[in-house]
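One structure below.
The values are calculated or read from the model by the stated rules, or taken from the named source; none is laboratory data. Model, not experiment: these values are computed from the prediction. Ideal geometry is used to build each Cβ from the backbone, glycine not excepted, and the neighbour counts take in all protein chains shown.
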Amino acid sequence: MSKVEKKEEQVQKVEEETSTDAGQILKQVEFYFSDQNLPKDKFLFKVTQQNNGWVPISTIASFSRMKKFRPVSAIVDALRQSKELLEVSEDGESVRRKLPLVEPKKEEIEAARARSIYAKGFPDENKGLQIELEKYFEGYAPVKEVRMRRTEDKKFKNSVFVEFASVEDAKKFLEADPKPTYNGNELLTMSKNAYIEMKAAEHGFANNANGKRPKKFNAFREQKKRNFDDKRGGRGGDNKRRKFDRPNDRNKEKEEQAKKEAEESKEEKPAEESKEEKPTEESKPAEGSKEEPKEDAKEEASTEEKKSE
């Protein structure tokens, strides 16, 4: 095969893989910015914290699952069709959420867990596995999210958490008869709450034992930390007061007391102690002092002279 033929084949392959499907584009990007994904997406969340929430559409287009959607103008047109979640800038260069990300209430978190399930028994990861899994679970009921579980080094654990649209849909999957299989392999399935309780019992999390779970990125925890740092003057800033910089209250009181006593001592010093002041009438020696004998000596001398006469 000549170089020209190889090039033509590559161009044809790219054309077959590219898509302008507005529905697929919008569904994927709305998932990126959704309440389910954005708080867990460290990269995208940090980008949204810059430039008033705007994210370059060119950045979104560079994501692996977005590369098949070309040209980029097709992505822009699709995002403009978002009714509630997204808005596109006037120049068509950026996209952001219409409403800010809000930390869910405890009741909302519990409701999301109640309609979520755990499933294990999938093959090792391949390029299109995420899409295949989404289609697989959507065959049972409408799905909000399929999250492939990974180790700390990003390796697929062959298990997933799936959030269905309702508790009834989750029950429908768990109670399916025959039991769900994937590529002929029967899956281990249970509710997400049951899985969490099982792991808590295994590792002692429920009893505050020494079991440690790795901390995953959480946007709301980051926001709280940032707000706390801002109140203290900013991380690493001159206004931030560290624990060892705080004045010791007792030492401070002692210093103030010593200062006060020193000032009172200055006020009580007698005037004659000052070398610059001249003695007044009151400061002349009193009778009986060392200066008095001089007068007595003169009188004795005068008496002696009279006797001699």
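Miscellaneous remarks
- Residues of region 141-181 classified as surrounded by fewer than 17 Cβ atoms within 10 Å (Cβ to Cβ) and in contact with a helix residue (DSSP H, G or I) (Cβ under 7 Å, 6 or more places away or on another chain), total: 4
- Look at region 46-66: where a residue is within 18 Å of S19 (Cα to Cα) and a partner is in a helix (DSSP H, G or I) and among the hydroxyl-bearing types (S, T, Y), sitting 6+ places away or on another chain with Cβ atoms under 8 Å, you get I60/Y32; F63/Y32.
- The criterion of being at pLDDT below 70, under 28 Å from E103 (Cβ atoms), part of a loop (DSSP other than H, G, I, E, B) and within 24 Å of the chain's Cα centre (by Cα) does not hold for K216.
- Any hit, region 78-88, residues being within 19 Å of V29 (Cβ to Cβ), in contact with a Pro (Cβ under 6 Å, 6 or more places away or on another chain) and surrounded by 17 or more Cβ atoms within 10 Å (Cβ to Cβ): no
- Hey, S19 among the hydroxyl-bearing types (S, T, Y) and surrounded by fewer than 14 Cβ atoms within 10 Å (Cβ to Cβ) or not: yes
- Once region 99-138 is narrowed to residues that are among the basic types (K, R), over 26 Å from the mean Cα position of the chain (by Cα) and surrounded by 14 or more Cβ atoms within 10 Å (Cβ to Cβ), the residue that is nearest to N185 (Cα to Cα) is K120.
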